[in-house]
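Participant: First the structure, then my questions, so here it is.
Any read-out appearing in this document is the output of simple, stated calculations on the displayed coordinates, not a laboratory observation. Treat the numbers as computed from the prediction; the structure is a model and nothing was measured. Every residue, glycine as well, gets a Cβ built from its backbone with ideal geometry; the counts of neighbours run over all protein chains shown.
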């Protein structure tokens, strides 16, 4: 009888130790991995048709960011179509945790109102953002996404050369991935879902 009483504390210690190992394993399994781009800090303060939006507003969500402009003849509308199609693959619970943004690289022509109207054409969840030239330059620089206004033609029309990747921002505000603008909607949705695990 006494030997059974002596073995009980050892059994209890072993059980607690095993439970601790399981909890530790689950924690590490669910811990967000280190960002592959630790030196890139996507920071911005811009304007939607409804007011100011900053990078801090994205915390806790997966952000899908694309820099472009409304007069873009080909790449921008094609990319936004793919992003819009990807968003439609998400369920209502998932979409609440996603912040899709279309940020202009042509602040002279793209007002917040125009950006809002243009972005909604591709999906109602996409938020169009604009700002002053200084604000846009700061935003693109922080995401390593430069742009350049080309010389206008005789009618005053011009194109804007710009980086055209899709930027996925993790819930902790760091960069998750840079995806090619030609990425399939299914791949964009899968990447969003990957980072939704930590929202």
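Participant: Can you classify region 70-190 as rounded, prolate or oblate using the Cα gyration tensor, where a ≥ b ≥ c are the square roots of its eigenvalues, rounded means a/c under 1.5, and otherwise it's prolate if a/b beats b/c and oblate if not? List each step's numbers first, then the result.
Facilitator: Details: a/c = 1.80, a/b = 1.59, b/c = 1.13.
Since a/c reaches 1.5 and a/b is larger than b/c, the shape of region 70-190 is classed as prolate.
Participant: In what order do 199, 54 fall by count of nearby beta-carbon atoms within 10 Å, going from fewest to most? Intermediate values should be presented prior to the final figure.
Facilitator: Working: 199 14, 54 11.
Starting with the residue having the fewest Cβ neighbours, the order is 54, 199.
Participant: Would you mind calculating the gained length between residue 108 and residue 96 on full extension (0.36 nm times residue separation, minus the Cα-Cα distance), in nm to one decimal? Each step should come with its number before you reach the end.
Facilitator: On the way: separation 12, 0.36 × 12 = 4.32 nm, distance 3.16 nm.
Full extension of this stretch gives 1.2 nm more.
Participant: Sticking with this structure for a sec: Remind me, relative contact order of region 45-196 in percent, using alpha carbon pairs under 8 angstrom and six or more residues apart?
Facilitator: 32 percent.
Participant: Report the full-extension gain for the segment residue 141 to residue 57: residue separation times 0.36 nm, less the Cα-Cα distance, to one decimal in nm.
Facilitator: Details: separation 84, 0.36 × 84 = 30.24 nm, distance 1.90 nm.
In short, 28.3 nm is gained.
Participant: A further question follows. Between residue 154 and residue 184, take the C-beta separation as r, use R0 = 30 Å, and let me know the FRET efficiency to the nearest 0.05. Walk me through the intermediate numbers first.
Facilitator: Working: r = 39 Å, r/R0 = 1.31.
Once the sixth-power term is evaluated, E becomes 0.15.
Participant: Ordered by packing density, taken as the mean number of other Cβ atoms within 10 Å over each peptide's residues, highest first, how do 32-43, 77-88, 94-105 rank? Please list the in-between numbers first.
Facilitator: Numbers: 32-43: 12.5, 77-88: 19.6, 94-105: 21.4.
Per-residue Cβ counts within 10 Å, averaged per peptide and sorted highest first, yield 94-105, 77-88, 32-43.
Participant: Taking a ≥ b ≥ c as the square roots of the eigenvalues of the Cα gyration tensor of region 42-88, is the shape rounded (a/c under 1.5), prolate (a/b larger than b/c) or oblate? Write out the running numbers ahead of the final one.
Facilitator: Values: a/c = 2.32, a/b = 1.47, b/c = 1.57.
Oblate, since a/c reaches 1.5 and b/c is not below a/b.
Participant: Taking the alpha-carbon centroid of each part, what is the distance from region 78-106 to region 179-193 in angstrom?
Facilitator: One Cα centre to the other: 10 Å.
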